[in-house]
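Enquirer: Here it is, the structure, as structure tokens.
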Amino acid sequence: MLVTVESGRAVRVAGDPDHPFTRGFLCAKVNRYVERTYQQDRVLHPMRRVGPKGSGRFERTTWDSALAEIAERLNDIRSSSDGAQAILPYSYAGTMGMVQGSSMDRRLFHRIGASMLDRTICSMAGTIGMRMTVGANAGADPEGIPSSDLILLWGTNTLTANPHLWPFVLEARERGAKVIAIDPIRTRTAAQCDEWIGIRPGTDAALALGMMHVLFGLGLEDAAYIRAHTIGIDQLRNRVKEYSPERVSTITGVPVETIVSLGERYARSKAAFIRVNYGLQRHRGGGMAVRTIACLPALTGHWRRAGGGVQLSSSANFTFDKRALERPDLSPPVRTINMIRLGEALTTRDAGVGGPPVRALVVYNSNPAAVAPDRNAVLRGMAREDLFTVVLEHFQTDTADYADILLPATTQLEHWDVHLSYGHHYVTLNQPSIEPLGEALPNSEIFRRLAARMGLDEPMFRDDDVTLIRQALGGSRGRLEGITFETLCEKGWVRLNLPKPYLPYADGGFTTPSGKCELYSQRMADMGLDPLPAFTPPYEFPEEVPALAERYPLTLISSPAHQFLNSTFVNVESLRRAANEPECLLHPVDAERRGIAVGARVVVHNDRGAFTAVARVEEGIRPGVVWAPSIWWGKFAADGANANQTTSQRETDMGHGPVFYDNLVEVGLAD
Ligand SMILES: Nc1nc2c(c(=O)[nH]1)N[C@H]1C(S)=C(S)[C@@H](COP(=O)(O)OP(=O)(O)OC[C@H]3O[C@@H](n4cnc5c(=O)[nH]c(N)nc54)[C@H](O)[C@@H]3O)O[C@H]1N2
Ligand SMILES: Nc1nc2c(c(=O)[nH]1)N[C@H]1C(S)=C(S)[C@@H](COP(=O)(O)OP(=O)(O)OC[C@H]3O[C@@H](n4cnc5c(=O)[nH]c(N)nc54)[C@H](O)[C@@H]3O)O[C@H]1N2
Ligand SMILES: [Mo]
């Protein structure tokens, strides 16, 4: 991102035209980063709560007294019989920078022995799924896409969530590639594709197994690749026999002809690119779904060619020195709390996992009061009068409303950082372009000062941000070879030390224990999971829970609105206006059955909770599925609620991830 500064004020942000992947444009939200940065409602001073918990009433205080109070409260907890485990840090994706996201903060919490946070809320199910099949969450290079002859956008809303991929897709299409979206919703992305396959939510593993059935039936597998680079082909062949197109059709709701045609086109293509993304794995069987899809290119040998293979993420290629940054070695053995079970952690005496109750919560880079599942439980917990809550923020979010102390944090325009990517292979340096607004400080500096206040005086608590960047780059070895603070300063970004084209598994080289693509996974067997690809029904799959489905027959998908970045940007006026108000998209068949007309105010509900929305009725969604573009702040909704009122704290099959879209609801007219 290029920032134009005039007289010390940022006036414009733009994409870098020289960047090989982002190619000179920004997404709809980040385009508004200047507007967001200078908004009137920025938190610019330390604030202290004056009203009741959750009221969002604060008075201005000084850094000195805010830090003194936090240090005293946290040190009291450390020296109490509960100990430091009663302190829970809570952070996620506000910034994903190595410095402002996971450096000084971790050092502090590790050093005092706070509870560990298992950061599962986005990607863990799929990450483990990739590890089981190919060894790491690293896949095909998206810059190879122009050489693809078939592109499957599988469980991803590319034009919203990953728009920089699109020009590569268009290039391939100009050369004749077909593009297929597999998504229960005919998203704006699906609408631009050659074909939309409106699959039932949570059934993708079955579809992939059906494709294998077709592929084996036609004898189109790449026998040489399979022999050299996979294990478990015989077991897989047996398993696949159970997934005839007819059975797969019953599970997935995809017509038999479509399954057969998809399987055949995949098998006959030379370099199919499967862009699987995180939307797909927010169901009980999310790990297995990704693991199963990741088997496909080994069966066809597409890994051999540019544009062929699967990509969930590129993140595993970024080998930053996290040990040096975060110092996990400093932590005594402590308990771990899963971030998606925050509701439980705050409302049970032993945090749901044993040990002391959570007595202090330190939130940064996250808005759990909007984004965490089972929002009613989360808010009940955050409202506890005996819970001491510190929030580092740009704005007074739903979470900030519950803070005892609210601290002003800097934005990307105001601080240093170094970033990985989870969609491409370039390391990015974030240089500050303006001075911090008001009294805002970088997260790193806030934790540095807090550590000093708490009496922690090890030298590592004095490392400045540029030192932290250098530490993140380690010895600039391996994939980071040639990537130093100095080389990053030249252009702002440097490609990882990977060949071009980068073909990670062209000659095998899988990083699994066997060194092969593990069609059969001994590790999964050891974990008590099915070692072979299989369809795992969602928790709330109507056939599995008929009584529940009778009351709540619709599956709610609450994936991001085009204008929002999770819950970030919701308070940016121009974007919120474009997003209208909380909406709920229904298929005409479902709407009619319920007497719901376009524009009607509806209530979406289940046993966990409810939120209201305005109905949109369109054909572009599978019957039985509803879509609530998210993630609204409660405070911007008429009823103070959002979609996470209805989601559950259950965990995926692998990685303890969330099941946001594995969620049965009913929709009715709001009186
Ligand atoms: N504008 C915008 N961009 C973003 C974000 C944002 O909030 N806003 N968030 C960023 C983050 S943190 C992430 S993790 C990524 C996420 O980006 P994506 O991986 O694209 O994930 P989602 O948007 O959650 O879901 C994508 C699609 O999956 C579909 N889907 C849901 N369930 C299933 C299923 O069972 N099977 C199939 N085949 N499809 C299903 C949904 O209908 C949705 O259209 O985007 C990043 N980019
Ligand atoms: N129902 C439903 N729930 C979901 C999802 C969904 O699709 N549906 N998506 C899930 C996914 S994929 C993710 S990744 C999570 C994301 O959940 P979060 O990680 O909580 O992400 P955001 O909602 O973007 O909130 C991040 C907050 O960090 C703040 N922030 C940004 N930069 C900084 C900084 O430098 N310092 C500090 N102190 N604060 C900063 C922003 O102002 C913002 O309020 O939500 C999950 N929740
Ligand atoms: Mo995410």
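For every residue, the table says whether it meets (1) open to solvent by less than 30 Å² (accessible area, probe 1.4 Å); (2) assigned to a loop (DSSP other than H, G, I, E, B); (3) among the aliphatic types (A, V, I, L, M); (4) within 18 Å of LEU280 (Cα to Cα).
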{"site": "GLY144", "(1), (2), (3), (4)": "yes, no, no, no"}
{"site": "LEU153", "(1), (2), (3), (4)": "yes, no, yes, yes"}
{"site": "THR156", "(1), (2), (3), (4)": "yes, yes, no, yes"}
{"site": "PRO167", "(1), (2), (3), (4)": "no, no, no, no"}
{"site": "ALA172", "(1), (2), (3), (4)": "yes, no, yes, no"}
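Enquirer: So if I check each of THR160, THR189, which one is within 12 Å of ligand 1 (Cβ to nearest atom) and in contact with a Leu (Cβ under 8 Å, 6 or more places away or on another chain)?
Expert: THR189
Enquirer: Could you list all residues from segment 462-499 that are assigned to a helix (DSSP H, G or I) and of a type in the set (S, T, N, Q)?
Expert: THR467, GLN471, THR487
Enquirer: In segment 179-198, is there at least one residue being on the phi > 0 side of the Ramachandran plot, assigned by TED's automatic domain parsing to the domain that holds ASN157 and in contact (Cβ under 8 Å) with a residue 24 or more places away in the chain?
Expert: Checked segment 179-198: no residue is on the phi > 0 side of the Ramachandran plot, assigned by TED's automatic domain parsing to the domain that holds ASN157 and in contact (Cβ under 8 Å) with a residue 24 or more places away in the chain.
Enquirer: Give, as residue ranges, the helices (runs of 4 or more DSSP H) completely inside segment 223-318 that count at least 2 residues that are surrounded by fewer than 21 Cβ atoms within 10 Å (Cβ to Cβ).
Expert: 223-229, 233-241, 245-252, 256-268
Enquirer: Right, something else. Restricting attention to segment 519-548, and to residues there that are surrounded by fewer than 18 Cβ atoms within 10 Å (Cβ to Cβ) and assigned to a helix (DSSP H, G or I), which single residue is nearest to the chain's Cα centre (by Cα)?
Expert: Here the residue is ARG523.
Enquirer: I want to confirm something. Restricting to segment 181-196 and keeping residues that are surrounded by fewer than 22 Cβ atoms within 10 Å (Cβ to Cβ) and not in a loop (DSSP other than H, G, I, E, B), which single residue is nearest to ligand 2 (Cβ to nearest atom)?
Expert: Residue satisfying both the conditions and the ranking: ARG188.
Enquirer: Next question, about the same structure. When you go through PRO167, PRO142 one by one, which is the residue that is within 16 Å of ligand 1 (Cβ to nearest atom) and at pLDDT 95 or above?
Expert: The unique qualifying residue is PRO142.
Enquirer: The conditions are (1) away from ligand 1 (no atom under 16 Å from the Cβ); (2) touching a strand residue (DSSP E or B) at 6+ places or on another chain (Cβ under 6 Å), and GLN235 fails exactly one of them. Which is it?
Expert: (2)
Enquirer: Name, by its number, the condition in (1) free of Cβ contacts under 8 Å to residues at least 60 places away in the same chain; (2) assigned to a loop (DSSP other than H, G, I, E, B) that does not hold for HIS19.
Expert: Condition not satisfied by HIS19: (1).
Enquirer: Just for strands (runs of 3 or more DSSP E) wholly inside segment 394-456: which have at least 3 residues that are over 19 Å from ASN566 (Cβ atoms) and more than 16 Å from ligand 3 (Cβ to nearest atom)?
Expert: 405-408, 426-430
Enquirer: Looking at segment 52-134, what strands (runs of 3 or more DSSP E) fall wholly within it and have at least 3 residues that are within 16 Å of ligand 1 (Cβ to nearest atom) and over 25 Å from the mean Cα position of the chain (by Cα)?
Expert: In segment 52-134, there are no strands (runs of 3 or more DSSP E) which contain 3 or more residues that are within 16 Å of ligand 1 (Cβ to nearest atom) and over 25 Å from the mean Cα position of the chain (by Cα).
Enquirer: Pairs please, first residue from segment 613-625 and farther than 12 Å from GLY253 by Cβ and acidic (Asp, Glu), second anywhere and within 15 Å of ligand 1 (Cβ to nearest atom) and open to solvent by less than 40 Å² (accessible area, probe 1.4 Å), Cβ atoms under 9 Å, 6+ apart in sequence or on different chains.
Expert: GLU618/LEU585; GLU618/LEU586; GLU618/HIS587; GLU619/HIS587
Enquirer: Mind checking whether some residue in segment 101-112 is surrounded by fewer than 24 Cβ atoms within 10 Å (Cβ to Cβ), within 16 Å of ligand 3 (Cβ to nearest atom) and not assigned by TED's automatic domain parsing to the domain that holds GLY285?
Expert: yes
Enquirer: Report yes if some residue within segment 397-404 is of a type in the set (S, T, N, Q), surrounded by fewer than 24 Cβ atoms within 10 Å (Cβ to Cβ) and under 29 Å from SER80 (Cβ atoms); otherwise report no.
Expert: For segment 397-404, residues of a type in the set (S, T, N, Q), surrounded by fewer than 24 Cβ atoms within 10 Å (Cβ to Cβ) and under 29 Å from SER80 (Cβ atoms): absent.
The values are calculated or read from the model by the stated rules, or taken from the named source; none is laboratory data. Remember, it's a predicted structure, so these values are computed and weren't measured experimentally. Positions of Cβ are backbone-derived with ideal geometry, glycine not excepted, and every protein chain shown enters the neighbour counts. Accessible surface is based on the protein model in full, side chains and every heavy atom, while ligands, DNA and RNA are left aside. Shrake-Rupley method; radii C 1.70, N 1.55, O 1.52, S 1.80 Å.
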